[in-house]
Amino acid sequence: MLYQELIRRKRDGDTLSAAELAAIVAGICDGSMGDAQLGAFAMAVLLRGMDLTERVALTTAMRDSGDVLQWDHGPVIDKHSTGGVGDAVSLMLIPALAACGAVVPSIAGRGLGHTGGTLDKLQSIPGYDIAPDAARLRKIVAQTGCAIVGQTAALAPADKRFYAIRDITGTVESLDLITASILSKKLAAGLDALVLDVKCGNGAFMTDQNAARELARALVDVGNGAGCRTMALISDMSQPLASAAGNALELGVAVDFLTGRAVEARLWDVTCALGGQALTLAGLAQDPDHGRGLLEAAFRSGKAAECFGHMVAALGGPTDFLENSATYLPAAPVVRSVPAPVSGVVTGYDTRAIGVAVITLGGGRRQASDRIDPRVGFSDIVPVGTRLEQGDTLVRIHAADAVHADDAIATFLRACTIGDAAPAPLPLISACVDP
Ligand code: URA
């Protein structure tokens, strides 16, 4: 098979067969497809698109480009978020699903663009190993029911090279390629079921409902087409989901949630809605309401917290992390409360700008090789609709030094609008996309 012929046919709008797409994926992995050819192929896909059979064939070929994990027990499930600001859901949901009887080997990602990554958050915990080998991962999942870890070079290796080429050829935005990229990595964990949280709003990659629904539909159809029971919720990302944005700060919110010290309503609703769906897909609940009830009980009984604590300890973190998280989580040297400049109601946020500000504070990467400062970010962010008097705390800034703190204060004040009346609230979950 000549790569240039396959590229030409896709350029002209032809449908490629599963064997042809498998040949391309093999060429990505063994290097026989050159960078220029891969870039041209990506552009042809971006411009011409793929039908469902092509999407499934590309995704499964990429999934099978490395190891696909096998498990003795099930149901094996996971959750994926398309990314947002203050999105700490995985930290609570994964152990709660394990507490409800699921097997949850969760392959999580680092921050992407302005969005935070679960792995970066977990690395705020001293000793937490995000890269156990396959045998250790298997043992930990067998013992604790869950493990949140990073992708290894052995899982979906085709995606690594393909993503790097897309990144420099203006082809990241292809819906077909985003779908194959996300799902190939998730499905390499050997999942029976997957629940997707497709974020929509000014802090998400998909800023409008139509785009979010299109992505959710593609992911759900391809996931099911690849043999994994998959569904998606579309959830609001027009404001930070948690009251904090920043790695150790979000972990603190998750610990408070798991231990019941402080449970934030928006986080609770999104986590329990996703969990109810996941347990239903997994066959552990009769329907999403039943599943939600089981998940809520796992939080209330402390079983979810117990699973989280066991997971952290098994992966090398402190054995008393939940009890003494404040002593383990690194704290920023400069913490400033920002007073509300006027009295009124918080009417909205430029959520993306808040995510970017976390990076500027050092909590994300400018270059792939950058080290993250886990201490920095924002806390005490109030939900849209909150009434404040002038001088009340609007937010707290956590920074490495005064210069960064000043900069973040100015950015936050620009990113937050205060008006006279609360806007009509947006639904937290706007759609459910089923097979
Ligand atoms: N996340 C991924 O893993 N891949 C993409 O292409 C986009 C988001």
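Brief remarks on what is shown
- Filter result for residue 205 (outside the structural domain of residue 84 (by TED's automatic domain parsing), of a type outside the set (D, E, K, R) and within 15 Å of the ligand (Cβ to nearest atom)): no
- Qualifying residue in the range 50-68 (condition: touching a Phe, Trp or Tyr at 6+ places or on another chain (Cβ under 6 Å), in contact (Cβ under 8 Å) with a residue 12 or more places away in the chain and closer than 20 Å to residue 162 by Cα): no
- Residues that are in contact with a Gly (Cβ under 6 Å, 6 or more places away or on another chain) and either polar (S, T, N, Q) or within 14 Å of the ligand (Cβ to nearest atom) (or both), drawn from the range 96-109: 109
- Residue 112 under 14 Å from the mean Cα position of the chain (by Cα), aliphatic (A, V, I, L, M), within 16 Å of the ligand (Cβ to nearest atom) and over 14 Å from residue 146 (Cα atoms): yes
- Taking the criterion of being within 16 Å of the chain's Cα centre (by Cα), outside any loop (DSSP other than H, G, I, E, B) and surrounded by fewer than 24 Cβ atoms within 10 Å (Cβ to Cβ), the only residue of the range 198-214 that qualifies is 206.
- A single member of 48, 8, 55 is at pLDDT 95 or above and farther than 22 Å from residue 218 by Cβ, and it is 8.
- Residue list for the range 96-119, restricted to those being among the aliphatic types (A, V, I, L, M) and either within 18 Å of residue 245 (Cα to Cα) or at pLDDT below 95 (or both): 107, 108, 112, 119
- Residue count for the range 72-95, restricted to those that are farther than 28 Å from residue 358 by Cα and either within 16 Å of the ligand (Cβ to nearest atom) or at pLDDT 95 or above (or both): 3
- Boolean, residue 232 is over 30 Å from residue 302 (Cα atoms), in contact with a strand residue (DSSP E or B) (Cβ under 6 Å, 6 or more places away or on another chain) and not in a loop (DSSP other than H, G, I, E, B): no
- The single condition from (1) buried (at least 20 other Cβ atoms within 10 Å of the Cβ); (2) outside the structural domain of residue 264 (by TED's automatic domain parsing) that residue 347 fails is (1).
- Selection of the range 163-183 for residues being polar (S, T, N, Q) and near the ligand (Cβ under 9 Å from one of its atoms) yields 174, 179, 181.
- All positions within the range 270-314 that are of a type in the set (Ser, Thr, Tyr) and under 13 Å from residue 100 (Cα atoms): 280, 301
- Qualifying residue in the range 130-140 (condition: free of Cβ contacts under 8 Å to residues at least 12 places away in the same chain and either within 15 Å of the ligand (Cβ to nearest atom) or touching a His at 6+ places or on another chain (Cβ under 9 Å) (or both)): no
- Considering residues of the range 362-386 that are of a type in the set (A, V, I, L, M, F, W, C) and closer than 16 Å to residue 251 by Cβ only, the residue surrounded by the fewest Cβ atoms within 10 Å (Cβ to Cβ): 372
- Residue in the range 150-158 that is modelled with pLDDT of 95 or more and more than 30 Å from residue 33 (Cβ to Cβ) present: no
- Of the residues making up the range 330-339, just one is in contact with a helix residue (DSSP H, G or I) (Cβ under 6 Å, 6 or more places away or on another chain) and either loosely packed, with under 13 Cβ neighbours inside 10 Å or closer than 22 Å to residue 122 by Cβ (or both), namely 330.
The values are calculated or read from the model by the stated rules, or taken from the named source; none is laboratory data. Note that the coordinates shown come from a computational prediction; the quantities given were computed from them, not determined experimentally. With ideal geometry, Cβ positions are generated from the backbone for all residues, glycine too; neighbour counts draw on all protein chains shown.
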